[in-house]
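**Q** Please find one structure pasted underneath; my questions will follow.
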Amino acid sequence: MKKKQFKAESKRLLDLMINSIYTNKEIFLRELISNASDAIDKLYYRSLTDRKVKLNRDDFYIKIDIDKDKNTLTVSDNGCGMSMEELEENLGTIAQSGTLLFKEENKKKDVDIIGQFGVGFYSAFMVSDKIEVISKKYGEDKAYIWESEGASGYTIEETKKDEYGTSVVLHLKKDDDNEKYSRYLDTFTVEGLVKKYSDYIKYPIKMDIEHEELKEGSKDEYEMHIHEETVNSMIPLWKRNKKEVKEEDYDRFYMDKFYDYEKPLRVIHSNVEGQCSYNALLFIPGRVPFDFYTKEYEKGLELYSNGVLIMEKCSSLLPDYFSFVKGLVDTPDVSLNISREMLQQDRQVNIIAKSIETKIKKELESMLEEAREDYEKFFKTFGIQLKFGIYNGYGAHKDTLKDLVMFYSSTEKKLVTFKEYVSRMKEGQDKIYYACGESVDKIDLLPQVELVKDKEYEILYLTEYVDEFALQVLMEYDKKPFANISSEKLDLETVEEKEELKKNNEENKEMFELMKEAVKDEVKDIRFTRRLKNHPVCLTSEGQVSIEMEKVINSMPTDEKVKAETILEINENHPIVEKLKDLYHNNKEELKKYTKILYSQARLIEGLPIDNPTEISNLICEIISNK
Ligand code: ADP
């Protein structure tokens, strides 16, 4: 029989496995058992949904056989089995999902992450010289044997097999300095590995186990007896009593199942009885899944009906703003045959989704309360999701989310919540101040920020483009409206100060009119301000659209462009004012030039582009050289 070559990617993974110096080689057993369990799942599912398949749940099992003489370890199942084409397709190529993940992750990390991923069937080559897969597909007559000694390729031939299902026979490698492969011939060791990695597999995993028993009729003579025993407890992790599950069990389960090499930040395990009954096991990841911000990322939870997987990504179970949550839900209340479309409207599913949302929210709240560092880590990773959640749907979910979002605080120098901000508000302060910019450092240098800080008001720094939109949707927190320090009237002055400023502005009205001519339609107004301390000018805005929003909206690839109504504000107490007044009386043309420069400065400070950079730099040179 002609030897066939593995597909390129499979070959690479295979090479990696064969030459693996990975110390945790034992995970191969978990992978084979998991494949066997999946194969049984497939057949069991058919038996429930297809009348022609008459099988009993109790008939399914996985068997592990050890043959010391032949130096083999065999994992067998009576699942769906594989036809010749399927053997070719499944074992000659890596399954799509696995491939992608492998490629993505392997770019960054090295081989030592193998154990954290579902690398599947090929991992058996870490411990074997040769593998035979003997399989008979359910409902077919012919059985086939797939055989490979690794990189050189594989063969497939017809063979005999009585029962449907699959047996994977591993011919173990010889012991060497690094690894004792013969330990996989030791019943006790293998039993331990099954318990460690595969205890929650739903089907019995059987092994022939030797026991010393009293010889019949004898009181002190013993002999060895072999019994077939089930070595796994079979209760899925999520159906276990919380008190019996160790933290590391949850961690391992999460890392294996969701291909993460970091432990989850939080685990939510709940058993709910009532209007709708379900078990849920949910995880908040500690890091962003590699595809989270790509189009390919699909939110959703695995949905089981009484322990049988019916959908891998049930999206209706999670709101978009919690799309980072991973996990599963098992409920007897949803029918096995339910379709994706039907799920959307399913009453039970909706009730469960609501209940899950509440649980996630509570978990986040308690993390915020009790484990601040964890929460901040979480928020830095997934916070933007929550802020989008406030903004999307015209604020339909703002009450759910408003206490979960955080912003950098000018006084605390760290992320704070609105609640914390409000609790610290000064007497007489009736607004929540915020400022927008690209980064905390840049905002800190904004001229407008200086005086507000000086008066010891706390300012929230908004650095992400969704931030201000979210605040606009919220409008207020605890009846305190939000105020952008670059647009709103801040009311930081006393009544007298206000009067004085008003008067001063009135008196210089004509000068401002002339200055406006220099920057034509660019600004709505030019006036003195007390918003500034040491800086000469700033640009502020009036109306619905702030400068930051103008930047965000105009950077989007649509035709819709907006313009903030801007005001050029000049620091009433800055030495530049005298110069301006002097020019107004003695050199009106020069005043216009100065205005252009001041306006450009204000734009630059706001991070806005200048339309006429050449003109402005020439003007500056002119002034520098005192022409
Ligand atoms: P994965 O399990 O991640 O899909 P594997 O390399 O472990 O990748 O397996 C490849 C495919 O081979 C599986 O998706 C499955 O279709 C098939 N397969 C593996 N083991 C068995 C088995 N015991 N019974 C039936 N099919 C199997």
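**Q** Right, residue 50: at pLDDT below 95, within 16 Å of the ligand (Cβ to nearest atom), of a type in the set (Asp, Glu) and farther than 15 Å from residue 132 by Cβ or not?
**A** Here the answer is no, as residue 50 does not meet what is asked.
**Q** Moving to a separate point now. Could you grab me the full set of residues in segment 450-471 that are free of Cβ contacts under 8 Å to residues at least 60 places away in the same chain, in a helix (DSSP H, G or I) and surrounded by fewer than 20 Cβ atoms within 10 Å (Cβ to Cβ)?
**A** Scanning segment 450-471 gives a single hit, 453.
**Q** How many of the residues making up segment 472-494 are touching a helix residue (DSSP H, G or I) at 6+ places or on another chain (Cβ under 6 Å) and either part of a loop (DSSP other than H, G, I, E, B) or without any contact (Cβ under 8 Å) to a residue 40 or more places away in the chain (or both)?
**A** 3
**Q** Hey, another quick one. State whether the residues of segment 192-215 include one that is hydrophobic (A, V, I, L, M, F, W, C), more than 16 Å from the ligand (Cβ to nearest atom) and over 17 Å from residue 64 (Cβ atoms).
**A** The answer is yes, given that some residue of segment 192-215 is hydrophobic (A, V, I, L, M, F, W, C), more than 16 Å from the ligand (Cβ to nearest atom) and over 17 Å from residue 64 (Cβ atoms).
**Q** Can you tell me which residue is surrounded by the most Cβ atoms within 10 Å (Cβ to Cβ) among those in segment 609-627 that are polar (S, T, N, Q) and more than 49 Å from the chain's Cα centre (by Cα)?
**A** Only one residue tops the list, namely 618.
**Q** What are the residues in segment 29-40 that are modelled with pLDDT of 90 or more and more than 8 Å from the ligand (Cβ to nearest atom), if any?
**A** Within segment 29-40, 29, 33, 37, 40 qualify.
**Q** A further question follows. Any idea how many residues of segment 58-100 are at pLDDT 50 or above and under 30 Å from the mean Cα position of the chain (by Cα)?
**A** Result for segment 58-100: 3.
**Q** Kindly provide the set of residues from segment 61-92 that are assigned to a loop (DSSP other than H, G, I, E, B), closer than 21 Å to residue 230 by Cα and away from the ligand (no atom under 12 Å from the Cβ), ordered by number.
**A** 61, 68
**Q** Pick from 427, 412: which is in a loop (DSSP other than H, G, I, E, B) and without any contact (Cβ under 8 Å) to a residue 24 or more places away in the chain?
**A** 427
**Q** Which strands (runs of 3 or more DSSP E) does segment 120-171 wholly contain that include 1 or more residues that are more than 15 Å from the ligand (Cβ to nearest atom) and basic (Lys, Arg)?
**A** 128-136
**Q** Inside segment 430-446, can you point out the residues that are under 20 Å from residue 490 (Cβ atoms) and assigned to a loop (DSSP other than H, G, I, E, B)?
**A** Of everything in segment 430-446, those that are under 20 Å from residue 490 (Cβ atoms) and assigned to a loop (DSSP other than H, G, I, E, B) turn out to be 430, 431, 437, 445, 446.
**Q** Shifting gears a bit: Among the residues of segment 166-204, count how many are under 12 Å from residue 231 (Cα atoms) and among the aromatic types (Phe, Trp, Tyr).
**A** Of the residues in segment 166-204, 4 are under 12 Å from residue 231 (Cα atoms) and among the aromatic types (Phe, Trp, Tyr).
The values are calculated or read from the model by the stated rules, or taken from the named source; none is laboratory data. Note that the structure is predicted; figures quoted are calculated from it, not measured. Glycine also receives a Cβ, built like all others from the backbone with ideal geometry; neighbour counts cover every protein chain displayed.
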